Amino acid sequence: MNETKIRNDFRDSLIEIYNFKMINTFLQFLQGEQAVLFALKFNIDKQPSNISKHLGFTKSRMTSIVNKLLSKGMITVSKDEKDKRKQILNLTEKGDDYITKKVQSTNIILDSFFDKMGNDKIIEFTKLLKETIKHMNEVEKYVNN
């Protein structure tokens, strides 16, 4: 197979994967309000500045998301006991229920995917993804310099 065909097939496959509704279900945990709720549910750090760094959000984007989640009653904001200048975010019962249900529905999709692919293929796919991430990090460092 020639190099152009390999590149085109790779690009087309990425586009096709990206367009699957299932992938969008997972992307929700990486973007916007659900990403913050997910981070609060499963990460130890509750400071908005650290969450925004982890998620790659700007300060203004994080502020906007926090305000939306507050207005929806999904989080509360309090002062850090050690440093009163810092804020701490916490899930409310409503926010916890919401993100728990989202994770459960995503797990159903994952279970189906794992059943169809089998553990051996999932392990190999995961290894390839990790290798891809490693190479992408190296390329990104080169591109950003």
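Yes or no: F10 within 20 Å of the chain's Cα centre (by Cα), free of Cβ contacts under 8 Å to residues at least 60 places away in the same chain and surrounded by fewer than 13 Cβ atoms within 10 Å (Cβ to Cβ)?
no
A quick yes/no check of all residues on (1) under 26 Å from Q28 (Cβ atoms); (2) among the hydroxyl-bearing types (S, T, Y):
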{"position": "M74", "(1), (2)": "yes, no"}
{"position": "K82", "(1), (2)": "no, no"}
{"position": "R85", "(1), (2)": "no, no"}
{"position": "I88", "(1), (2)": "yes, no"}
{"position": "D96", "(1), (2)": "yes, no"}
{"position": "D115", "(1), (2)": "yes, no"}
{"position": "L129", "(1), (2)": "yes, no"}
{"position": "T132", "(1), (2)": "yes, yes"}
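Sort out which residues of the range 38-53 are over 16 Å from S78 (Cα atoms) and touching a residue at least 24 places away in the same chain (Cβ under 8 Å), and write them in order of number.
Hits for the range 38-53 are F38, K41.
Please name all residue pairs, on different chains or six or more residues apart, with Cβ atoms under 7 Å, provided the first residue is in the range 17-30 and is farther than 14 Å from S112 by Cα and the second residue is of a type in the set (F, W, Y).
As it stands, the answer is F29/F38, since those pairs meet every condition given.
For the range 106-129, state whether one or more residues are in contact (Cβ under 8 Å) with a residue 24 or more places away in the chain, under 20 Å from A35 (Cβ atoms) and not hydroxyl-bearing (S, T, Y).
So far as the range 106-129 goes, yes, one or more of its residues are in contact (Cβ under 8 Å) with a residue 24 or more places away in the chain, under 20 Å from A35 (Cβ atoms) and not hydroxyl-bearing (S, T, Y).
Within the range 56-66, count every residue that is without any contact (Cβ under 8 Å) to a residue 24 or more places away in the chain, surrounded by 11 or more Cβ atoms within 10 Å (Cβ to Cβ) and closer than 20 Å to F29 by Cβ.
Total meeting the criteria: 3.
Considering only residues that are among the hydroxyl-bearing types (S, T, Y) and at pLDDT 90 or above, which ones fall in the range 113-145?
T126 - this is the single residue of the range 113-145 that is among the hydroxyl-bearing types (S, T, Y) and at pLDDT 90 or above.
Of all the residues that make up the range 53-76, how many are among the small types (G, A, S) and either closer than 20 Å to T92 by Cβ or touching a strand residue (DSSP E or B) at 6+ places or on another chain (Cβ under 7 Å) (or both)? Break it down into steps so the answer makes sense when it comes.
The initial filter retains those residues of the range 53-76 that are among the small types (G, A, S), namely 56, 60, 64, 71, 73.
If we keep only those that are either closer than 20 Å to T92 by Cβ or touching a strand residue (DSSP E or B) at 6+ places or on another chain (Cβ under 7 Å) (or both) as well, we get 64, 71, 73.
Residues in the range 53-76 being among the small types (G, A, S) and either closer than 20 Å to T92 by Cβ or touching a strand residue (DSSP E or B) at 6+ places or on another chain (Cβ under 7 Å) (or both): 3 in total.
One line per residue, one yes/no per condition, for (1) at pLDDT 95 or above; (2) surrounded by 15 or more Cβ atoms within 10 Å (Cβ to Cβ); (3) among the polar types (S, T, N, Q); (4) at positive phi:
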site: L69; (1), (2), (3), (4): yes, yes, no, no
site: M74; (1), (2), (3), (4): yes, yes, no, no
site: K79; (1), (2), (3), (4): no, no, no, no
site: K82; (1), (2), (3), (4): no, no, no, no
site: R85; (1), (2), (3), (4): no, no, no, no
site: G95; (1), (2), (3), (4): yes, yes, no, no
site: K102; (1), (2), (3), (4): no, yes, no, no
site: N107; (1), (2), (3), (4): no, no, yes, no
site: D111; (1), (2), (3), (4): no, no, no, no
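Output the number of the condition that R7 fails; it satisfies all remaining conditions of (1) among the basic types (K, R); (2) closer than 27 Å to S112 by Cβ; (3) modelled with pLDDT under 90.
Answer for R7: the failing condition is (2).
The values are calculated or read from the model by the stated rules, or taken from the named source; none is laboratory data. Nothing here was measured: the structure is a model prediction, and the numbers come from that model. FYI the Cβ positions are ideal-geometry reconstructions off the backbone, even for glycines, and counts take in every protein chain you see.
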